[in-house]
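Here's the structure we're looking at; comments come further down.
The values are calculated or read from the model by the stated rules, or taken from the named source; none is laboratory data. Treat the numbers as computed from the prediction; the structure is a model and nothing was measured. Note that we place each Cβ from the backbone using ideal geometry, even for glycine, and neighbour counts take in every protein chain shown. Just the protein is used for accessible areas: all its heavy atoms, side chains included, with ligands, DNA and RNA removed. Shrake-Rupley method; radii C 1.70, N 1.55, O 1.52, S 1.80 Å.
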Amino acid sequence: MNHKFPAKIFIDGGVPEETNQAKKLLGFLDGQTTNPSLIAKNLKSRLGNGQPVLLTESMALEEYKRIVTEMNLIIPQGSISIQVFVDQETKAEEMLEQARERNKWIPNASIKFPCISEGLKAAEIACREMPINITLVFSQSQAAAVYESTKNAKFPVFISPFVGRLDDKGENGMQVIENILRMYKEGNRHIEVLTASVRNIDHILYALHLRSNIITIPLKVFSSWADLGFKMPEENYTYPVGALKAIHYNQDIVLGKNWQEYDLQHELTDKGVSSFWSDWMGLF
Ligand code: E4P
């Protein structure tokens, strides 16, 4: 990392022009995250002119490839997360097939798998073949499973806890980042914690304060941060928790078990899987 920030700074979005704008604002960009909803939104607005889009699935996939290829031209050194498309029935083998295909799209791909059982089964194999990113993470227990399922990784592994979606339901999402970083201190540091679902400047400041390895920021929040001169947290920074409910560190969740022994269940993971799926399938 060749800049003053203690974290890698990514843009979260589905539009290459936004990648360009963010890079211009900051002067550099370490990477990009995308997801099926963001890509579907881009395709709808560009191809549909507000009308239903007449696309086939293979045309839409070609578009996804074209979009990330454009992003790659803007940040050739940057990591770009590309997601597999799954529902709760999708098997690990199919996820792997998608992953291997998407990994050929660009040189710096990181393939995103959802934090569900089939997703981690696929990730366990994929992490020996390509960089990966485990998405839709909402709990310390899921993070322990991610850690154990990827401990033989030969490529970078990111974990993406979604802080904003926890805040949206009144829980302190940033505390999950704090808890995961604390638990991972006991480990071999093979995972980079990527703060995702960022909604405001305090998410950025606290993620920097906590030394989250990566922060992915949507353009709207990116621009507000730019307006503040890309302000950093003060030494004595405290996160304004407000009325958010605490998510306490659980001492009983320790690394070192088989990943299948940890509780992977979280309602927001299930909700996230189905909304990514329906946003994508809604294109056809
Ligand atoms: C990250 O990789 C995700 O694309 C993203 O941060 C999700 O954020 P949202 O909760 O705003 O959809």
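Computed quantities for the displayed model
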| quantity | calculated |
| --- | --- |
| Å² of accessible area per residue within the chain, as computed with a 1.4 Å probe and no ligands counted | 45 |
| Net charge, residue 281 excluded, C-beta distance under 12 Å - Lys, Arg +1, Asp, Glu -1 | -3 |
| Per-residue [θ]222 nm for the chain (sum of -39500 (n - 2.57) over DSSP H runs n ≥ 4, rounded to 500) | -13500 deg cm²/dmol |
| Fraction of accessible area attributable to carbon and sulfur, the chain (%, probe 1.4 Å) | 49 |
| Relative intensity, log₁₀ I(q)/I(0), of the chain from a Debye sum that treats every alpha carbon as a point, q = 0.07, 0.09, 0.14, 0.16 Å⁻¹ | -0.23, -0.39, -1.00, -1.33 |
| Radius 13 Å from Cβ of residue 261, net charge of other residues (Lys, Arg +1; Asp, Glu -1) | -2 |
| Spatial separation of Cα centroids for region 200-278 and region 79-115, in angstrom | 22 |
| Nearest-20 debye value, the chain charge dipole, Cβ charges on Lys, Arg, Asp, Glu | 700 |
| Per-peptide average of other Cβ atoms within 10 Å, ordering 100-106, 199-205 highest first | 199-205, 100-106 |
| Heavy-atom accessible area order for 279, 263, largest first, 1.4 Å probe | 263, 279 |
| Net charge contributed by nearby residues that have their C-beta within less than 13 Å of residue 106 (K/R +1, D/E -1) | +2 |
| Label-to-label distance, nm, for residues given as residue 188 and residue 54 (7 Å Cα→Cβ offset) | 5.4 |
| Highest-first arrangement of 171-178, 67-74, where packing means the average Cβ count within 10 Å | 171-178, 67-74 |
| Cβ crowding within 10 Å averaged over residues, with 251-261, 111-121 ranked highest first | 111-121, 251-261 |
| Cα-projected label distance for residue 70 with residue 28, points at 7 Å along beta-carbon direction, nm | 2.6 |
